[in-house]
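Here the structure comes first, spelled out in structure tokens, and everything after it is commentary.
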């Protein structure tokens, strides 16, 4: 048996030395040193030997196992070292080369236009206000002359929350909060994110941006409203724009108007953005309704005002000729890098 063990060990050592890769070497290990390998089979025969034969055979068996395991470990280390060296050569990096530096980012187009509008109105004496996106029913509807039974509530598909709260459907609640906090005379704008539970298409999103504006003082008229709207459009588009003013119904203003802008994506020819009409609704506006002034703690007999709600997202689309509103919240860097 001792001679057979030594012959087996010698043959196995030769196979390990000749192995071309880890897989071939692993096959030798399993065949010889595995639980059901040939050395284990020799171990099962030890009980048939005499006491003195078992001692000599045991020494031979342990010696063969030790030498094979040592040869296996050395060969495995050599393979792993060779694989590491090959990887280091293929992935080599010269650390002495200066880094390329930080990749510059840019502001989102919505942020860029919002900053421009804020700067424009700030130069005309307007305060920039903010308000919560999770609003109360009172501030979002009731205080804006939209009671529970008012049909205007059906015009705004609302994300309702618990406890009479909701995701604001417009930035108009900031008007009420601004009147309550600052009082007249008041000039304010309120840019922000709003939410509508409606179907998404090239010109509609469930989440978009508006910019609310309001002026409250004595002797405020429609002429004041038109002046600030024209100043806004010329300041943003840097050129003359074709607009139209038509009557519009909004519970929080009386009289109310729709200020439309000729679609700059198609030049008025008709496209998905303007629903083939050639016009884009941009600036609902009007004189502040007396009920809204009262809700803000202001006496409508002494003060009047105008208000407007700018579709900030649509304005960005017109400014940059973006034909699908969904790009603005896509997070696609290929789109955002253009700005």
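Bear in mind that the values in this text are calculations on the coordinates, not laboratory data. Treat the numbers as computed from the prediction; the structure is a model and nothing was measured. All Cβ positions, even for glycine, are placed from backbone atoms using ideal geometry, and neighbour counts span all protein chains on display.
Between 143, 11, 307, the residue with the greatest mean-square fluctuation in the GNM of the chain (Cα pairs under 10 Å linked by springs) is 11.
With angles folded into 0 to 90 degrees, how steeply does helix 22-33 sit against the dominant principal axis of the chain? Use alpha carbons for both and round to 10. It is inclined by approximately 50 degrees. For region 162-231, the pair-distance distribution built from all alpha carbon pairs, in bins 5 Å wide starting at 0, is 3, 13, 19, 18, 18, 13, 9, 5, 1 percent.
Can you compute the helix-only [θ] at 222 nm over the chain? Use -39500 (n - 2.57) per DSSP H run of at least 4 residues, normalise by all residues, nearest 500 deg cm²/dmol. Can you show the working numbers first?
Numbers: 11 runs with 140 residues, N = 339.
Here the helix-only value at 222 nm equals -13000 deg cm²/dmol.
Modelled spin labels at residue 230 and residue 76, positioned 7 Å past Cα toward Cβ, are 8.6 nm from each other.
Among 247-258, 66-77, what's the highest-first ranking by average C-beta atoms within 10 angstrom per residue? Walk me through the intermediate numbers first.
Values: 247-258: 18.4, 66-77: 14.8.
For the peptides 247-258, 66-77, the packing ranking is 247-258, 66-77.
With a Förster radius of 35 Å applied to the beta-carbon distance between residue 219 and residue 118, the computed FRET efficiency rounds to 0.85.
Can you give the Rg to Rh ratio for region 94-155, taking only C-alpha atoms and Rh from Kirkwood?
Computed over Cα atoms, the ratio is 1.34.
Going through [x] 22.0, 72; [y] 19.6, 65; [z] 39.5, 122, the figure that equals Rg and Dmax of the Cα atoms in Å as computed for the structure here is [z]. Full extension of the chain between residue 198 and residue 24 yields a length gain of 56.3 nm, computed as 0.36 nm times the residue separation minus the alpha carbon distance. For the peptides 86-99, 324-337, the ranking by mean Cβ contacts within 10 Å, running from highest to lowest, is 324-337, 86-99. At an R0 of 41 angstrom, the distance between the Cβ atoms of residue 85 and residue 330 translates into a FRET efficiency of 0.35.
Between 0 and 90 degrees, the angle of helix 2-18 with respect to the longest Cα principal axis of the chain falls at about 40 degrees.
For residue 69 and residue 92, a Förster radius of 35 Å and the Cβ-Cβ distance give a FRET efficiency of 0.50, rounded to the nearest 0.05. Relative to the longest principal axis of the Cα atoms of the chain, the long axis of helix 109-123 lies at roughly 40 degrees.
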